[in-house]
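Worksheet: the structure to be examined is printed underneath.
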Amino acid sequence: MHTSPVSSTLVSPSSSTSSLSLSPPSPSLSPSTSFGSLPPTCETFLGPSAPPTIPEYLADHNLTQADGELWYDDGNLIILSEDVAFRVYRGLLSKRSSVFGDMFEFPPPKEGNEIVEGVPIVRTWDSSLDMGRFLRAILDSEFFLPPPAPTSISLLESILRLSTKYNVPHLRSRATAHLLTTYPTTLATWRQRDSTRTIPSVENTPFVVLNLAREFDLPWLIPSVAYCISSHDIGKTLEGAEWKEGGEARIPVSDRHRAERDPSSMGSAGKDNWVYLSYADIKMCIKGRNNILMRQNTMALALAKGFPGSAPAVPTGVVTPPQVAMPQVVNQAPLGGTPPIQNPVGLAGMPGMPPVQAPAPLPLPQQAQGFAPPAQGPEPAQSTHGCATPDTCLNTRHRCAEILTRWGTAGFLDFFDEQYGAFAPNLCSYCVGRMKEWCKEKSEEMWDGLPGCFGFEGGEDVHGLQTTPWEELERLREISARA
């Protein structure tokens, strides 16, 4: 049986329209096909284009390569923060941070992070400033040293934030240790803070640290920090405080606290170099301030009345009226050049605070620069109480009490040390010694009651015994250090 060839019908130029409906041969089957002549719709037959290199990837995504200290050409991980790319070592980061370690332990999902030149790329939502400092602290052991090496609040804040988020215990521990050098939990350390502090003394620093203590759960810092805030003008607590370190604005600003306020009611709202407290902390600080001032006024009254062996509350000698209320004053500077107590400029040495301007003192017979013993009539060489100059010592104690009550700010803890040069020249040696002992005792009472002033309570130890508020805060600190 003879069969006509089919091929002549399919390829004939005169073939019918129906014969052209067949699909044309695939270009891949034609040895004479030129890829350069293919229309754009046929590019799908060529397979995916060549993957970009890392420099091309950074350029395509408008990313900036980190400097040499945070970009290692042989690094096997790229971290993106804002518009900055850091190339580091995955194994080292996993070893230091349990969060990164857990992240890399599981294979990424199909829609997971990109991989360029075999290097995975991880996007984070941290600031590039914080991330750069955090990675440098991990990679460079000399970058963020523990005390007594100095640091700054800005650097400390970055390290504290990301070491907490990514669980790097040794960096978090270093950051809290720096804060403790200035805001301690013991009175002995408080008295040494000017020589041991590692944070620069910048005005209004306590307001920044209180927000850090709240954000990162560091309650043991709060009593001493809040005491320092109580030594500032109350307007800063209510309306915010300006804060700059090294001439630069603080980053980041406590925006969430600012958002609680009505910006139209505050001239400082919207400024990046202002720090604000939350309403809860404003309430705590005002209550604590009132409690401190009540205690301080009580101690001032006790000082005016006298302590055992000091001059009595009433002058001992029979004197004429010009000698009774106050001694004469002369143009004489107290020892050490400290401002005279009649016109005090405040307490120096408070962490992050300038001298506090005190109200003007009560009128004296003459306004001058120092105390002097009464000019009329000699004083007894020795009283039955041990005081050699009862009237002068009494008047000096009264002036100290007056200053303490009129300040309106916390200051008793440092009163003896900071104002020694103002009152010591006007007290006999016996009264100076007694006043030192008395101030030490009352300062310890003030310190012991400090947590309670700001609403902290005691607890129970492992044996069920009651602990003081300071002991409870110290227990929380130790638990945090072990975590």
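The values are calculated or read from the model by the stated rules, or taken from the named source; none is laboratory data. Note that the structure is predicted; figures quoted are calculated from it, not measured. Note: ideal-geometry Cβ built from the backbone for every residue, glycine included; neighbour counts use all protein chains shown. Accessible surface is based on the protein model in full, side chains and every heavy atom, while ligands, DNA and RNA are left aside. Shrake-Rupley method; radii C 1.70, N 1.55, O 1.52, S 1.80 Å.
Do you know which of the residues in region 418-442 that are surrounded by 18 or more Cβ atoms within 10 Å (Cβ to Cβ) and among the hydroxyl-bearing types (S, T, Y) is farthest from H398 (Cα to Cα)?
Here the answer is Y430.
Give all pairs with beta carbons closer than 7 Å in which a residue from region 456-476 that is in contact (Cβ under 8 Å) with a residue 12 or more places away in the chain meets a residue that is in a loop (DSSP other than H, G, I, E, B) and open to solvent by 100 Å² or more (accessible area, probe 1.4 Å); count only pairs at least 6 apart in sequence or on separate chains.
P469/E457
If we only count helices (runs of 4 or more DSSP H) wholly inside region 177-243, which ones have 2 or more residues that are crowded, with 20+ Cβ neighbours inside 10 Å?
205-215, 222-230, 234-239
Which one of A410, A401, A388, A381 is part of a loop (DSSP other than H, G, I, E, B) and modelled with pLDDT of 90 or more?
A410
State all residues of region 442-468 that are at negative phi and assigned to a loop (DSSP other than H, G, I, E, B); if no residue qualifies, say none.
Those that are at negative phi and assigned to a loop (DSSP other than H, G, I, E, B): G449, F454, F456, E457, G458, G459, D461, V462, H463, L465, T467, T468.
So that you can scan it fast, the table gives a plain yes or no per residue for (1) of a type outside the set (F, W, Y); (2) more than 14 Å from S128 (Cβ to Cβ):
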site	(1), (2)
I54	yes, yes
T64	yes, no
I78	yes, no
F86	no, no
E105	yes, yes
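Could you pull out the residue among D126, D102 that is among the acidic types (D, E) and open to solvent by less than 60 Å² (accessible area, probe 1.4 Å)?
D126
Quick check on region 206-222. Is at least one of its residues more than 16 Å from Y276 (Cα to Cα), in contact with a Cys (Cβ under 9 Å, 6 or more places away or on another chain) and not hydroxyl-bearing (S, T, Y)?
Among the residues of region 206-222, not one is more than 16 Å from Y276 (Cα to Cα), in contact with a Cys (Cβ under 9 Å, 6 or more places away or on another chain) and not hydroxyl-bearing (S, T, Y), which makes the answer no.
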